[in-house]
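The values are calculated or read from the model by the stated rules, or taken from the named source; none is laboratory data. Since we're looking at a predicted model, the values are computed, not measured. Glycine also receives a Cβ, built like all others from the backbone with ideal geometry; neighbour counts cover every protein chain displayed.
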């Protein structure tokens, strides 16, 4: 099966969040299952062509594209997705992608990703390559199902292709002014109040994908249900409810090449459940890095997160002083909201002997926190899938999460499922509920037998991408015309 995979970020080239991990892993796994993959990404300023052995494609240079009344040119770099047969094509347009940030608030943000999506079709036309499936991801590629049905419906190259639109986070609708419809060369007769291209007097790239795609997926079964409600649907719940029979929840996997305590080259001591006692050596290394004193009896709580309200870190801030009355050490890695950055910096100053915060991102430190912590804290207000809780389970680090989205699908609360529990969870998004759950986790930490049983269940679970990739293949076959 031939798959066009379109996304705005991908590991190892560029990353701001979990989308990049998915795009770096799913096409690779689909390729191993026999699919022919062409992956399309913008060629951002931050991507180093030499580092990734990317080359200019000879016949795809200075290609003209109409964006509304303007003609813009782009070129194409290509390379191989590491450890895969999948080919990656990078749309190079310095006018739009030669910026310090990959997403911006600038007036031409819509045009940037309009060009990207049109360029993908142009490249496929020039390569004379016909995909069976066009798999689009989040708002940055949400216009492609509409372009295929409205602009290319009579083109023999695409008239048998089908589209799947994947929602990784419905909280980002990609909403722009209505003149974006004409800039995208979409028909204005599809834009009217309540119409397929209209969203609150503008154009939402994400809504467009939901309306025109042959099928819709999201990244966990629970999130697929949640987004059909006003509380989680971001104004799209009506569309998703109408299309519930075309909506699939498929849990993301994790890349077990990069995230395995047995093989991880970024941690000082590798281990498996058979020698899980060696995990303690990583805890010692983590605390040494954080300049905190090691004490086997005191649990380390790790946080690796984008610092944003969505991640429930306001709850942490609200109950922080009470939490620090417990016997606990905390290690934080992340950046984002400036108020939360300031809070974690001041916390690290106030509790120098028990609290460490690194504001920014450091991949090696992320691996060390995952391996060296006893508890991984993830109190998200909503979480489409989440990867860090799966990494933690794989590393024998007990996740403490709020029961929502993919967190509810992967973490079973020990007190609800005594013989199956692999973590600690809570329901109500309140500081009080979080504090009580932290205390419950710290009490359970003292019960070494139960704690070890939880570790075992987490480390023996299969979170590899193969199961997820096979589920995507089934959807591809179902919607293929």
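Brief remarks follow.
- Any hit, the stretch 110-123, residues being part of a helix (DSSP H, G or I), in contact with a helix residue (DSSP H, G or I) (Cβ under 9 Å, 6 or more places away or on another chain), in the same structural domain as residue 199 (by TED's automatic domain parsing) and farther than 13 Å from residue 65 by Cβ: yes
- Of the residues making up the stretch 88-95, not a single one is in contact (Cβ under 8 Å) with a residue 12 or more places away in the chain, loosely packed, with under 14 Cβ neighbours inside 10 Å and on the phi > 0 side of the Ramachandran plot.
- On the stretch given as the stretch 449-481, residues that are over 21 Å from residue 279 (Cα atoms), buried (at least 20 other Cβ atoms within 10 Å of the Cβ) and touching a helix residue (DSSP H, G or I) at 6+ places or on another chain (Cβ under 8 Å) total 4.
- All positions within the stretch 34-66 that are part of a strand (DSSP E or B) and either more than 29 Å from the chain's Cα centre (by Cα) or outside the structural domain of residue 89 (by TED's automatic domain parsing) (or both): 63, 64, 65, 66
- Residue 387 being within 20 Å of residue 413 (Cβ to Cβ) and surrounded by fewer than 19 Cβ atoms within 10 Å (Cβ to Cβ): no
Here's the yes/no breakdown for (1) within 18 Å of residue 381 (Cα to Cα); (2) surrounded by 15 or more Cβ atoms within 10 Å (Cβ to Cβ); (3) modelled with pLDDT of 95 or more:
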position: 224; (1), (2), (3): yes, yes, yes
position: 227; (1), (2), (3): yes, yes, yes
position: 238; (1), (2), (3): no, no, yes
position: 243; (1), (2), (3): no, yes, yes
position: 254; (1), (2), (3): no, yes, no
position: 328; (1), (2), (3): no, yes, yes
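- Any hit, the stretch 15-23, residues being farther than 25 Å from residue 170 by Cα and at pLDDT 95 or above: no
- The sole residue among 286, 292 that is outside any loop (DSSP other than H, G, I, E, B), touching a strand residue (DSSP E or B) at 6+ places or on another chain (Cβ under 8 Å) and surrounded by 14 or more Cβ atoms within 10 Å (Cβ to Cβ) is 286.
- Checklist (1) assigned by TED's automatic domain parsing to the domain that holds residue 431; (2) under 30 Å from residue 29 (Cβ atoms); (3) not in a helix (DSSP H, G or I) applied to residue 327, failing item: (2)
- Residue match in the stretch 327-346 (condition: out of contact with any strand residue (DSSP E or B) (no Cβ under 7 Å at 6 or more places or on another chain) and touching a residue at least 40 places away in the same chain (Cβ under 8 Å)): yes
- Residues of the stretch 330-356 classified as surrounded by fewer than 20 Cβ atoms within 10 Å (Cβ to Cβ) and in contact with a helix residue (DSSP H, G or I) (Cβ under 8 Å, 6 or more places away or on another chain), total: 3
- Long-range neighbours under 6 Å by Cβ, at least six apart or interchain, first residue on the phi > 0 side of the Ramachandran plot within the stretch 372-399, second surrounded by fewer than 24 Cβ atoms within 10 Å (Cβ to Cβ) and modelled with pLDDT under 95: 396/276
- Count of the stretch 398-421 residues, restricted to those that are buried (at least 24 other Cβ atoms within 10 Å of the Cβ) and either in the same structural domain as residue 227 (by TED's automatic domain parsing) or not in a strand (DSSP E or B) (or both), is 7.
- Failed criterion for residue 457 (all others in (1) part of a helix (DSSP H, G or I); (2) within 30 Å of residue 170 (Cα to Cα); (3) not assigned by TED's automatic domain parsing to the domain that holds residue 219 hold): (2)
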